[in-house]
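Remarks on the structure that follows.
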Amino acid sequence: MKTSVETVSGVEKRVRVVIPADEVGRKMEEGYAEVRKAVPVRGFRKGKAPMSMVKRLFKEHVEGEVAERLIKDSIHEAVKENDLRVLSTPDFDGGKLKEGEEFAFTVTFEVMPEVAAADYKGLPVTKEKVEITDAKVDAALSGLRESFASYHTVEERGAAEGDLLEVNISSSAGGDAIDSGESSSLILGGGMPFGKNFEDALAGAKAGDRKTIEVEYPEEAPNKKYAGKKVTFDVTVNAIREKKLPEFDEEFAKNFTDVKDLNDLRSRMAERLRAEGDERSRRNAEEHIRNGLLEKNTFDVPHSLVDRQIVLMIEDTAKRMASQGIDLKKVNMDFDKMRERFAPGAERIVRVSLLLEAVARQESIDVPYSDIEAEMKAMAEAAQMSFEKVREIYGDEERLDALRTQLLERKTMAFLLENATVKEEVASE
């Protein structure tokens, strides 16, 4: 058997194979012998049928089996000898195997590119310096207080800004019904989804009021069922509820486990803001590293890797929608459009991953099993699970490889940040 490997592109190889007629003949004889032993022929005990009859009855079957075996073996040999990392299903091009003739064919497939990262030290990074001021802490505590707000029914006055209105809404356009008596809870002054004119018309309304509101929507309105239409809303106000904020006192601090008093709550909020700021600063710095790597390194990317990443992104989107209570069976998901939308981001992810792998290889960065164990222990603690349970989850080789890759990329990114040219600036508000 003669094989040669041709480089089609940085991500594609073509293997040319020529198998001499005598080798084809030997493989055919082996195939006939296997069939003779395994397949019963009427009128003969298994393995006792005349070889001439076996050849006549099973010639086409054996030719197919031998061709498949020769193709598989030749690909395996070429891949092993040339240390290729095959990514796609081989594309076969060749004639049909025939007994007594040489068998020639080519197979083409995508391979992992041999990426050599360049200019990855000294990448420019702008690192945000996190400053936690009293004003930032006050704003965060104010938001926390808002999350504990309660609403109480009021009857003696009309609706004012900040009130929660419980309403029933019917809508129509040109005499055609759009919505029919849907119940909603709306915050006056909170940016109602029906637009400012709708909101203004409800100011001063009281429980029991019925209002007819007309709103003309532009063609580019976010809600497509109203876009470009003059919509009439029939609104019944069922109740008006006034927002009450809790007093910001020592009693309020008791809402939080392990918080001693207001001063302690304030200190913890400052710590949380600092941690969030540090995390945001780290993410921004890593994005600068990614941008720098991509700017300084260009190479071909295998379509199969990009396709796999797109599939992962679509699956992630579907899981996120399902977790939000969206019935995926009722959603008309246009997968072609999703693939088109995700393609640029998917290619970027693949490029960065290949570059990080290259840097790790060039700098001899690795992930010993002790690092993997430490990560599993951290996962177990965060999820309040036993270490044994987490280790069981990662007992699958594919999942373990994914975790190892994740940790390798994390260590490589840390190396690149340590060797970056860092400019520090105060984070914007």
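The values are calculated or read from the model by the stated rules, or taken from the named source; none is laboratory data. Nothing here was measured: the structure is a model prediction, and the numbers come from that model. So basically every Cβ, Gly included, is an ideal-geometry build from the backbone, and we count neighbours across all protein chains shown.
For this structure, a couple of remarks:
- Answer residue from segment 154-193, given it is of a type in the set (A, V, I, L, M, F, W, C) and without any contact (Cβ under 8 Å) to a residue 24 or more places away in the chain and is farthest from residue 232 (Cα to Cα) among those: 186
- The single condition among (1) part of a helix (DSSP H, G or I); (2) of a type in the set (A, V, I, L, M); (3) at pLDDT 95 or above that residue 365 does not meet is (1).
- Cross-chain or 6+ apart pairs with Cβ under 7 Å, segment 200-214 first and without any contact (Cβ under 8 Å) to a residue 24 or more places away in the chain and of a type in the set (Ser, Thr, Tyr), then part of a strand (DSSP E or B) and surrounded by 13 or more Cβ atoms within 10 Å (Cβ to Cβ): 212/232; 212/234
- Cβ separations smaller than 9 Å between residues 6+ apart or across chains give no pair from segment 316-330 residues that are aromatic (Phe, Trp, Tyr) to residues that are not in a helix (DSSP H, G or I).
- Counted residues, segment 179-225 - those being modelled with pLDDT of 80 or more and either within 20 Å of residue 152 (Cβ to Cβ) or aromatic (Phe, Trp, Tyr) (or both): 18
- Counting only residues that are surrounded by 18 or more Cβ atoms within 10 Å (Cβ to Cβ) and part of a loop (DSSP other than H, G, I, E, B), segment 106-131 holds 5 of them.
- Residues (surrounded by 15 or more Cβ atoms within 10 Å (Cβ to Cβ) and in a loop (DSSP other than H, G, I, E, B)) located in segment 19-57: 41, 49
- Filtered residues of segment 267-284 (kept if closer than 13 Å to residue 129 by Cβ, among the polar types (S, T, N, Q) and out of contact with any Ser or Thr (no Cβ under 9 Å at 6 or more places or on another chain)): 281
- Within segment 393-420, tally of residues that are more than 30 Å from residue 294 (Cβ to Cβ), surrounded by fewer than 13 Cβ atoms within 10 Å (Cβ to Cβ) and either hydroxyl-bearing (Ser, Thr, Tyr) or more than 24 Å from the chain's Cα centre (by Cα) (or both): 0
- Per-region count, segment 81-101, residues modelled with pLDDT of 90 or more and farther than 20 Å from residue 302 by Cα: 1
- So residue 6, is it surrounded by fewer than 12 Cβ atoms within 10 Å (Cβ to Cβ), of a type in the set (Asp, Glu), within 35 Å of the chain's Cα centre (by Cα) and closer than 27 Å to residue 308 by Cα: yes
- Residue within segment 248-265 that is of a type in the set (Gly, Ala, Ser) and either on the phi > 0 side of the Ramachandran plot or assigned by TED's automatic domain parsing to the domain that holds residue 155 (or both) present: no
- Scanning segment 75-105 for residues that are within 17 Å of residue 2 (Cα to Cα), part of a loop (DSSP other than H, G, I, E, B) and either within 38 Å of the chain's Cα centre (by Cα) or in the same structural domain as residue 354 (by TED's automatic domain parsing) (or both) returns a single hit, 82.
- Restricting segment 234-268 to residues that are surrounded by 12 or more Cβ atoms within 10 Å (Cβ to Cβ) and among the hydroxyl-bearing types (Ser, Thr, Tyr) leaves a set whose member that is nearest to the chain's Cα centre (by Cα) is 267.
- Residue match in segment 306-313 (condition: over 22 Å from the mean Cα position of the chain (by Cα), in the same structural domain as residue 357 (by TED's automatic domain parsing), part of a helix (DSSP H, G or I) and on the phi < 0 side of the Ramachandran plot): no
- Scanning segment 394-429 for residues that are out of contact with any helix residue (DSSP H, G or I) (no Cβ under 7 Å at 6 or more places or on another chain) and β-branched (Val, Ile, Thr) returns 405, 421, 422, 426.
- Looking only at segment 314-332, and only at residues there that are within 16 Å of the chain's Cα centre (by Cα) and of a type in the set (A, V, I, L, M, F, W, C), the one that is surrounded by the most Cβ atoms within 10 Å (Cβ to Cβ): 314
- Filter pass, residue 72 being of a type in the set (Lys, Arg) and in a helix (DSSP H, G or I): yes
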